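The values are calculated or read from the model by the stated rules, or taken from the named source; none is laboratory data. Just so it is clear, the model here is predicted, and its values are computed rather than measured. Every residue, glycine among them, receives a Cβ derived from its backbone with ideal geometry; neighbour counts consider all protein chains shown.
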Amino acid sequence: MQVKILPSLLAADFGRLAAEARRAEQAGADALHLDIMDAHFVPNLSMGPDVVAMARREVTIPLSVHLMMTHPAQYLNRFIDAGADSLLIHIEAQGNIPEALDRIRELGARPGITLNPETPARMIDSVLNQVDEVLCMTVHPGYGGQSFMEEVVPKIRDVRTSALRIGRTDLDIMVDGGINAETGPRCAAAGANLFVAGTYLFRADDMAREIAGLRRAAEGALDRELPS
């Protein structure tokens, strides 16, 4: 498993989004993460396909797009056409989730499934073979700057164990919410290898230094304590 660091554009300066996207790439980000909120599934409204298209023009790194939407299937084409390389939808969303995941792959993007903090790992067992990524939210979705929820860490290990049980050694497990140089390694020790960080990176004095530090810390923890 390769550790990857994804700055979250939600925490960037919204008056300078293009420049902020470029700054993340230049700082060594492996991908850029974009949170799409519909003011229904979560109590906030963030950005749409036009922002994804802007990011696609500005950077060459992959775009990880997280749909915090009640009806994500209605928007798959628009976000993939805008440039999403991976598209994450929620297991708690409405509609036919397995069908939507298959459609994401058919459209040429990496499908991913997301769990809210209270959702047990077993809820995604039936779709583990359909996805390339699992996102375990370590805060409640909808707002940036929240504190890391330590109680989610055992669920990360549960997801990794379930994946290994069915032979999915290639499955990426992502965490998002309160991730920094202290919380990231704890998630890595449980089996996470993709780390979304917003406030921690975009408000850092030196984003490149913090990305490199988070990467080193996570790689060390992942090497030492892979679940069995």
Among L10, L6, L17, L34, which is outside any strand (DSSP E or B) and within 15 Å of the chain's Cα centre (by Cα)? L10
For H40, the lone unmet condition from (1) buried (at least 16 other Cβ atoms within 10 Å of the Cβ); (2) part of a loop (DSSP other than H, G, I, E, B) is (1)
Selection from the range 20-31 of residues that are outside any helix (DSSP H, G or I) and in contact with a helix residue (DSSP H, G or I) (Cβ under 7 Å, 6 or more places away or on another chain): A27, G28, A29
Looking at (1) surrounded by fewer than 18 Cβ atoms within 10 Å (Cβ to Cβ); (2) hydrophobic (A, V, I, L, M, F, W, C); (3) within 26 Å of T183 (Cα to Cα), which one does L45 not meet, given that it meets all the others? (3)
In the range 123-158, the residues that are under 21 Å from V65 (Cα atoms) and assigned to a helix (DSSP H, G or I): I124, V127, L128, N129, Q130, I156
When (1) within 20 Å of D38 (Cα to Cα); (2) modelled with pLDDT of 95 or more; (3) not hydrophobic (A, V, I, L, M, F, W, C) are applied to Q146, the one that fails is (2)
Just one listed residue, out of I104, I97, is more than 21 Å from Q26 (Cβ to Cβ) and in contact with a strand residue (DSSP E or B) (Cβ under 6 Å, 6 or more places away or on another chain), and it is I104
Across the range 2-41, what is the total count of residues that are on the phi > 0 side of the Ramachandran plot and either among the polar types (S, T, N, Q) or modelled with pLDDT under 95 (or both)? 1
Of (1) surrounded by 15 or more Cβ atoms within 10 Å (Cβ to Cβ); (2) under 18 Å from V175 (Cα atoms), L101 satisfies every one except (2)
Kindly provide the set of residues from the range 52-97 that are in contact (Cβ under 8 Å) with a residue 40 or more places away in the chain, assigned to a helix (DSSP H, G or I) and surrounded by fewer than 22 Cβ atoms within 10 Å (Cβ to Cβ), ordered by number. E58
Residue satisfying all of: in the range 1-37; basic (K, R) and farther than 19 Å from V134 by Cβ; surrounded by the fewest Cβ atoms within 10 Å (Cβ to Cβ) among these: R16
If you take the residues of the range 203-224 that are more than 16 Å from the chain's Cα centre (by Cα), assigned to a helix (DSSP H, G or I) and hydrophobic (A, V, I, L, M, F, W, C), which of them is nearest to F14 (Cα to Cα)? M207
